[in-house]
Amino acid sequence: MGSAFTQSAVRQPSNACRSTVDRATLSFLDFRLKTAKEKPFNSIELMKHILVSLLSFVALATTATHAANSSRPNIVFIFADDWGWGDLSCHGHPWLKTPNLDRLASEGTDFQQFNVLNPVCSPSRTAVMTGHYPARYSVHQHFAAPEQNHARGMPDWLDPKAPTLPRFLKQAGYRTAHFGKWHLTNRNTQGAPKPAAYGYDEASVFNGGAEWPSADLHATAANTVAFIKASHGNPFFINAWLHESHTPHVPTAESMERWNHLDAQKQVYAAVITDGDNAVGKILDALKTAGVSDNTIVMFSSDNGPESTAAKAGPKKRDLDANVTGYDTYYSSGETGGLRGRKRSVFEGGVRVPFIVRWPSHTPPGVKNNTTAFTAVDLLPTLCAAAGVTLPAEYRGDGENLLAAFEGKPVPRSRPIFWDWQGKSAEPDWWPRLAVREGDWKLAMTADGARVELHRLTEDRAEAKDVAKEHPDIVARLKKLALAWKATLPAKPNPECLSTQPISVKPTKSETAPKDSAVTPKVRAKSFDRWDTNKDGILTLDEYKAAPRREVVQAAGLPQNASRRHARLGQTPAEPSTPPNDPVR
């Protein structure tokens, strides 16, 4: 199937298989003892009985192995890129259509309070892989070239000795695969460990190491489908990490044609969302065709909130890793669903993302779970529990086993949630460097705690009303928690995770968001007052959606031809320099 890396798995017999082997062995020994007492030794007769016993043993062992395998759920994790919480039609987007994700939500549970643990790619993915806060591995921003990683105190790749979800599942007999985006190293980094080092049997990826072959951006679903077909009843785990909706935007011709009635900016974004949704549909259809839908956990999520939108269109952007050219961040018009902040912000718009789980006969269908505070580090212990995998005694994860939440049961969280962000920007919502959530309370703060904001998320999901002054005791407690957690983090990266290639050039410029005219606190306050229709000091999702377009535009002081999107950003709409009439593949 064209995988870049393959590695055969050595499987140990399951407990069920071992018990069958033991029964067959005891049965044969019992027979041999009886025959020895009843009549003299007959070699021909003995060989007949040995042959019958061996054939019975093989049949029983095969049946037991099949039964054990079929009882363990397959797992497929579809992880999108820069896909905002509001970029689903089932989350209330006014014009985007995501029928396959809507189907997944109607057949499963939509967890409305799911958070990733960092507002950018690599650290967010590190948390998923390890069940640890990414800062424990000094991964606090995206993996870049070694020069830049060195300047930021980061390693050049995720430590291959770290405990990982695919490795735990592989050791339990699962076939494991990773298709699509990697970004647990960087394309400019030499000597990075390949996916097999983290527990994968097969992989075909982009955003990998310097020497790695790069997969096609649109091949993730096809590779996933092929792996499902080749599983033949064996339990499998697949990471299907999509490119959509990260730049460069490379929509298919079919999706561009579907949205040709929209303006250029909306057309491109709608097309890439459609491509991502279609990929989900292909995977769901493949599971059904293979007859394994009922025994497969399917999850959809995103690594962080939506990218910031550039004020005007620039030249098409080239992705050297995947060797494609596509549209830039002017066309990144993702939505947070009224949440504050975006990618690179630890406010909810940057770290609260979609999380939909379908597991027939386990997850209640069509349910929106608004109470469970689920995070990326919870996935490893939860999925291992679902697979019947006992974690090693020495594993000390940061997450919790929330399997009961998958099954629709209330699960009160026992541990606080922490965020560490070390990117730099003058953007208004990028200032927090630390954040902590305990129960309903979330504190955002600078690294030293000199500046703080406190929000009660169950009442203020938009984090629009700072109540720090009203609750100094809660601020003090959460600040102490955050600073104590920060003190446990390593000061330097593991030297074994640094490339040996020479660092002799000037560090490359850090990835930064487009230079937008960002919403000022004054503009946000005016907008909040207008949209808070019942004047209770709390902005609900329904109030945000119901805000008339004219009032939204006036609140931001923009021309009447401005869109709701531009009004929220506080920027004037710009026309693309070259309308995207000819889609780029």
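The values are calculated or read from the model by the stated rules, or taken from the named source; none is laboratory data. Quick caveat: nothing in here was measured; it's all calculated off a predicted structure. When we count neighbours, we look across all protein chains shown, and the Cβ atoms used for this are built from the backbone with ideal geometry, even at glycine.
Checking each residue in the range 113-145 for being closer than 12 Å to PHE418 by Cβ and either among the polar types (S, T, N, Q) or touching a Cys at 6+ places or on another chain (Cβ under 8 Å) (or both) picks out ASN115, ASN118. Listed by first and then second residue, the pairs with beta-carbon distance under 6 Å, at least 6 apart or on different chains, first residue in the range 288-313 and farther than 23 Å from ASP87 by Cβ, second assigned to a loop (DSSP other than H, G, I, E, B), are ASP294/PRO360; ASN295/PRO73.
May I ask you to say which residue of HIS232, HIS218, HIS183 is surrounded by fewer than 24 Cβ atoms within 10 Å (Cβ to Cβ) and closer than 26 Å to ASP275 by Cα? Please lay out each step first, then the result.
Values: HIS232 fails: closer than 26 Å to ASP275 by Cα; HIS183 fails: surrounded by fewer than 24 Cβ atoms within 10 Å (Cβ to Cβ).
Within the list HIS232, HIS218, HIS183, the selection yields HIS218.
Table: residues versus (1) assigned to a loop (DSSP other than H, G, I, E, B); (2) more than 30 Å from ASN74 (Cα to Cα).
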site: VAL377; (1), (2): no, no
site: THR382; (1), (2): no, no
site: TYR395; (1), (2): yes, no
site: ASP398; (1), (2): yes, no
site: ALA404; (1), (2): no, no
site: SER414; (1), (2): yes, no
site: SER425; (1), (2): yes, yes
site: ASP429; (1), (2): no, yes
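I need the full set of residues from the range 118-128 which are under 17 Å from PHE374 (Cβ atoms) and part of a helix (DSSP H, G or I), in order please. Of everything in the range 118-128, those that are under 17 Å from PHE374 (Cβ atoms) and part of a helix (DSSP H, G or I) turn out to be SER124, ARG125, ALA127, VAL128. Looking across GLU459, GLU427, one residue alone is among the acidic types (Asp, Glu) and buried (at least 17 other Cβ atoms within 10 Å of the Cβ). It is GLU427.
I'm checking my understanding of the structure. Among residues of the range 273-298 that are of a type in the set (Asp, Glu) and under 17 Å from ALA222 (Cα atoms), which one is surrounded by the most Cβ atoms within 10 Å (Cβ to Cβ)? Before you say what the answer is, go through the steps one by one.
Pass one, the range 273-298, residues of a type in the set (Asp, Glu): 275, 277, 285, 294.
With the extra rule that they be under 17 Å from ALA222 (Cα atoms), the set shrinks to 275, 277, 285.
Working: ASP275: 23, ASP277: 26, ASP285: 14.
Applying the filter and picking the extreme gives ASP277.
Does the range 235-259 hold any residues that are β-branched (Val, Ile, Thr) and crowded, with 20+ Cβ neighbours inside 10 Å, and which are they? ILE238, THR247, VAL250 - these are the residues of the range 235-259 that are β-branched (Val, Ile, Thr) and crowded, with 20+ Cβ neighbours inside 10 Å. Taking residues in the range 167-191 that are small (Gly, Ala, Ser), and partners anywhere that are at pLDDT below 95, the pairs with Cβ atoms closer than 6 Å and at least 6 places apart or on different chains are GLY173/ARG11. Cβ separations smaller than 9 Å between residues 6+ apart or across chains give the following pairs from the range 208-226 residues that are over 22 Å from ALA197 (Cβ atoms) to residues that are of a type in the set (Lys, Arg) and assigned to a helix (DSSP H, G or I): ALA221/LYS282; ALA222/LYS282; VAL225/LYS282. Any chance the range 314-325 includes a residue that's modelled with pLDDT of 95 or more and over 17 Å from the mean Cα position of the chain (by Cα)? No, because not a single residue in the range 314-325 is modelled with pLDDT of 95 or more and over 17 Å from the mean Cα position of the chain (by Cα).
For the range 400-439, the candidate set comprises residues that are of a type in the set (Asp, Glu) and out of contact with any helix residue (DSSP H, G or I) (no Cβ under 9 Å at 6 or more places or on another chain); within that set, the residue that is nearest to SER361 (Cα to Cα) is GLU407. Of all residue pairs spaced 6 or more apart or on separate chains, those with beta-carbon atoms under 8 Å, a first member in the range 377-398 that is over 19 Å from THR126 (Cα atoms) and modelled with pLDDT of 95 or more and a second member that is buried (at least 16 other Cβ atoms within 10 Å of the Cβ) and of a type in the set (Val, Ile, Thr) are ALA386/ILE75; ALA386/ILE297; ALA387/ILE75. Exactly one residue out of ALA426, ALA435 is modelled with pLDDT under 95, on the phi < 0 side of the Ramachandran plot and of a type outside the set (Asp, Glu): that is ALA426.
Somewhere in the range 413-425, is a residue farther than 19 Å from GLY86 by Cα, out of contact with any strand residue (DSSP E or B) (no Cβ under 9 Å at 6 or more places or on another chain) and not polar (S, T, N, Q)?
From the range 413-425, those farther than 19 Å from GLY86 by Cα are 413-425; that's our starting set.
Still in the list and also out of contact with any strand residue (DSSP E or B) (no Cβ under 9 Å at 6 or more places or on another chain): 414, 422-425.
Cutting the leftovers down to not polar (S, T, N, Q) gives us 423-424.
Scanning the range 413-425 turns up at least one residue that is farther than 19 Å from GLY86 by Cα, out of contact with any strand residue (DSSP E or B) (no Cβ under 9 Å at 6 or more places or on another chain) and not polar (S, T, N, Q).
Among the criteria (1) within 30 Å of LEU169 (Cβ to Cβ); (2) of a type in the set (Ser, Thr, Tyr); (3) at pLDDT 50 or above, the one SER53 does not fulfil is (1).
For the range 95-119, the set of residues classified as surrounded by fewer than 24 Cβ atoms within 10 Å (Cβ to Cβ), closer than 29 Å to ASP440 by Cβ and out of contact with any strand residue (DSSP E or B) (no Cβ under 7 Å at 6 or more places or on another chain) consists of ASP102, SER106, listed by residue number. Exactly one residue out of ASP429, ASP440 is more than 22 Å from THR164 (Cβ to Cβ), free of Cβ contacts under 8 Å to residues at least 24 places away in the same chain and not small (Gly, Ala, Ser), and it is ASP440.
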